[in-house]
Amino acid sequence: MNAIASFTLTSAGLMLAWLVSIAMIAPVSAKEEGSLVELEGDFVQGGLLFGKAPVGSKVLWGGREVRLTPQGDYVIGLGRDNRTPVLLRVEAADGRSQQQVFDIVQRDYEKQEITGISKKIMSPGEEELKRIKKENALIGQARRVDSDRTDFLTPFQWPLTGPITGVFGSQRVYNGRPSRPHFGVDIAAPTGTPARAPIGGVVTLAYDDMFYSGGTIMIDHGYGLNSSFLHLSRVLVKVGDKVEQGQVVGEVGATGRVTGAHLDWRMNWYDQRIDPQLLVGAMPETASAR
Ligand SMILES: [Zn+2]
């Protein structure tokens with residue numbers, strides 16, 4: 001129950017924890033003998049679900065076909081604005097089929113005001129806009145990687161420890177101007193702090209200085225799941241590198257659109273934004289007490 005541990009215990013958090021626990025009752029009953037539907041994880045916006053089906057099955061999530069590993073494992077990501085309920089349908093190779101409706105907990109996202117962003121970043125000129133377009137194309141290209149890696153089956157680790165200064169999904173307001181939501185978890189740490197791969201994978205993007213995200217790395221974990229590290233001061237890997245869980249891939253920095261040194265860790269499942277914090281549980285005590 002990683003989801004519960006990672007939320008602050010405000011009354012809203014307790015309410016959400018309660019809702020999550022209710023939602024998580026559903027998959028337990030689905031694990032009956034001979035059941036084709038086996039799905040567990042955080043049934044909440046931003047959550048990641050892990051499923052298992054007989055080898056060779058066809059799995060449809062909300063009408064979208066989900067790719068299975070040769071062993072029948074699969075992963076499903078619930079985006080920030082994923083609506084509820086969602087129908088899961090499993091069609092086995094032997095002609096049997098089964099479906100089940102899952103409720104997805106709808107989150108209330110907080111608003112976060114950020115001031116002190118430089119004018120250059122707030123109002124990019126013609127040259128900068130060209131650069132942003134080019135960089136977005138590179139990010140899009142890296143995000144379309146859909147490999148057969150099964151790193152996603154490994155439990156995740158925090159890339160580093162430190163106070164959490166930004167959460168998934170919050171509505172960002174930069175210098176008073178409403179902007180896109182924040183999709184990562186921000187962990188404050190001094191420039192130069194090592195940032196480690198949360199699980200293994202292959203580097204699909206390694207860029208020293210992007211306009212918004214500064215030093216940026218993307219790691220493919222397989223079956224549409226990937227991690228991004230933003231605002232790095234140093235990028236220590238290159239595209240195509242295979243990285244192990246816990247390997248240092250970069251160093252924390254304050255590059256791009258930031259007001260201080262931190263690591264912004266983001267995750268995607270195809271076009272869906274995932275909340276990394278749901279996968280790693282509470283930040284270790286020593287760091288959060290700082
Ligand atoms: Zn951030």
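The values are calculated or read from the model by the stated rules, or taken from the named source; none is laboratory data. Since the structure is predicted, the reported quantities are computational estimates derived from the model, not experimental observations. Ideal geometry is used to build each Cβ from the backbone, glycine not excepted, and the neighbour counts take in all protein chains shown.
Every residue, every condition in (1) within 28 Å of Phe156 (Cβ to Cβ); (2) modelled with pLDDT of 95 or more, yes or no:
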position	(1), (2)
Ser21	yes, no
Val28	yes, no
Phe50	yes, yes
Ile76	yes, yes
Asp81	yes, yes
Phe102	yes, yes
Gln112	yes, no
Ser118	no, no
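List the number of the failed condition for Gly184; all other conditions in (1) over 13 Å from His262 (Cα atoms); (2) among the small types (Gly, Ala, Ser); (3) modelled with pLDDT under 95 hold.
Gly184 satisfies all of (1) over 13 Å from His262 (Cα atoms); (2) among the small types (Gly, Ala, Ser); (3) modelled with pLDDT under 95 except (1).
Conditions: (1) closer than 25 Å to Gln272 by Cα; (2) of a type in the set (Lys, Arg); (3) loosely packed, with under 15 Cβ neighbours inside 10 Å; (4) away from the ligand (no atom under 16 Å from the Cβ). Arg107 meets all but one. Number of the miss?
Condition not satisfied by Arg107: (3).
Going by the conditions given, is Arg131 part of a helix (DSSP H, G or I) and of a type outside the set (A, V, I, L, M)? Break it down into steps so the answer makes sense when it comes.
Values: part of a helix (DSSP H, G or I): yes; of a type outside the set (A, V, I, L, M): yes.
So Arg131 passes the test.
For segment 241-253, give me each residue that is in a loop (DSSP other than H, G, I, E, B), in contact with a Gly (Cβ under 7 Å, 6 or more places away or on another chain) and closer than 10 Å to Val203 by Cβ.
Our first condition is that a residue be in a loop (DSSP other than H, G, I, E, B); within segment 241-253, this holds for 241, 244-247.
Now restrict to residues that are in contact with a Gly (Cβ under 7 Å, 6 or more places away or on another chain): 244-245.
Scanning segment 241-253 gives no hits.
Within segment 105-120, does at least one residue satisfy the condition of being of a type in the set (A, V, I, L, M), more than 19 Å from the chain's Cα centre (by Cα) and over 30 Å from Ser57 (Cβ atoms)?
Taking segment 105-120 as the starting set, the residues that turn out to be of a type in the set (A, V, I, L, M) are 105, 114, 117.
When the remaining residues are screened for being more than 19 Å from the chain's Cα centre (by Cα), the result is 114, 117.
Add one more test, that the residue is over 30 Å from Ser57 (Cβ atoms), and what stays is 114, 117.
For segment 105-120, residues of a type in the set (A, V, I, L, M), more than 19 Å from the chain's Cα centre (by Cα) and over 30 Å from Ser57 (Cβ atoms): present.
Take the residues in segment 72-107 that are without any contact (Cβ under 8 Å) to a residue 24 or more places away in the chain and in a loop (DSSP other than H, G, I, E, B), then tell me which one is farthest from Ser170 (Cα to Cα).
Filtering segment 72-107 for residues that are without any contact (Cβ under 8 Å) to a residue 24 or more places away in the chain and in a loop (DSSP other than H, G, I, E, B), the one farthest from Ser170 (Cα to Cα) comes out as Gly95.
Identify all residues within segment 87-112 that are closer than 15 Å to Val55 by Cα and aliphatic (A, V, I, L, M); write none if there are none.
Scanning segment 87-112 gives Val90, Ala92, Ala93.
What residue, among those in segment 188-206 that are small (Gly, Ala, Ser) and in a strand (DSSP E or B), is farthest from Leu230 (Cα to Cα)? Walk me through it before giving the result.
Taking segment 188-206 as the starting set, the residues that turn out to be small (Gly, Ala, Ser) are 188-189, 192, 195, 197, 200-201, 206.
So of that shortlist, the ones also in a strand (DSSP E or B) come out as 188, 195, 201, 206.
Working: Ala188: 12, Ala195: 10, Gly201: 17, Ala206: 10 Å.
Among them, the one singled out is Gly201.
Can you tell me which residue in segment 163-187 is surrounded by the fewest Cβ atoms within 10 Å (Cβ to Cβ), limited to those that are near the ligand (Cβ under 10 Å from one of its atoms) and more than 13 Å from Tyr109 (Cβ to Cβ)? Walk me through how you get there before you give the answer.
Step one: of segment 163-187, the residues near the ligand (Cβ under 10 Å from one of its atoms) are 165-168, 170, 172, 182-187.
This time we only want the ones that are more than 13 Å from Tyr109 (Cβ to Cβ), so: 165, 184-187.
Working: Thr165: 15, Gly184: 26, Val185: 26, Asp186: 23, Ile187: 25.
Filtering segment 163-187 for residues that are near the ligand (Cβ under 10 Å from one of its atoms) and more than 13 Å from Tyr109 (Cβ to Cβ), the one surrounded by the fewest Cβ atoms within 10 Å (Cβ to Cβ) comes out as Thr165.
Residues of segment 188-231 being under 14 Å from the mean Cα position of the chain (by Cα) and either acidic (Asp, Glu) or within 13 Å of the ligand (Cβ to nearest atom) (or both), which ones?
Of everything in segment 188-231, those that are under 14 Å from the mean Cα position of the chain (by Cα) and either acidic (Asp, Glu) or within 13 Å of the ligand (Cβ to nearest atom) (or both) turn out to be Asp220, Ser228, Phe229, Leu230.
Please name all residue pairs, on different chains or six or more residues apart, with Cβ atoms under 7 Å, provided the first residue is in segment 259-275 and is polar (S, T, N, Q) and the second residue is within 11 Å of the ligand (Cβ to nearest atom).
Thr259/Ile114
Looking only at residues in segment 159-173 that are among the polar types (S, T, N, Q) and in a loop (DSSP other than H, G, I, E, B), which one is farthest from Arg143 (Cα to Cα)?
Among those that are among the polar types (S, T, N, Q) and in a loop (DSSP other than H, G, I, E, B), it is Thr161.
Output the residues belonging to segment 174-187 that are of a type in the set (S, T, N, Q) and part of a loop (DSSP other than H, G, I, E, B).
Pass one, segment 174-187, residues of a type in the set (S, T, N, Q): 175, 179.
Passing the criteria: only Asn175.
Output yes when any residue across segment 232-239 is closer than 23 Å to Leu279 by Cα, at pLDDT 95 or above and within 16 Å of the ligand (Cβ to nearest atom), and no when none is. Working first, answer last.
If we filter segment 232-239 for residues that are closer than 23 Å to Leu279 by Cα, which is where we start, we get 232.
Then drop every residue that is not at pLDDT 95 or above, which leaves 232.
Keeping just the survivors that are within 16 Å of the ligand (Cβ to nearest atom) gives 232.
Looking through segment 232-239, at least one residue is closer than 23 Å to Leu279 by Cα, at pLDDT 95 or above and within 16 Å of the ligand (Cβ to nearest atom).
The rows are residues; the columns are (1) in a strand (DSSP E or B); (2) polar (S, T, N, Q).
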| residue | (1), (2) |
| --- | --- |
| Ser228 | yes, yes |
| His231 | yes, no |
| Val239 | no, no |
| Thr255 | no, yes |
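In segment 257-279, which residues are within 16 Å of the ligand (Cβ to nearest atom), aliphatic (A, V, I, L, M) and not in a loop (DSSP other than H, G, I, E, B)?
Our first condition is that a residue be within 16 Å of the ligand (Cβ to nearest atom); within segment 257-279, this holds for 257-268, 273-277.
Narrowing the set further to residues that are aliphatic (A, V, I, L, M) leaves 258, 261, 263, 267, 274.
Scanning segment 257-279 gives Leu263, Met267, Ile274.
Given (1) crowded, with 23+ Cβ neighbours inside 10 Å; (2) under 18 Å from Thr154 (Cβ atoms); (3) of a type outside the set (D, E, K, R), identify the lone condition not met by Leu263.
Single failed check for Leu263: (2).
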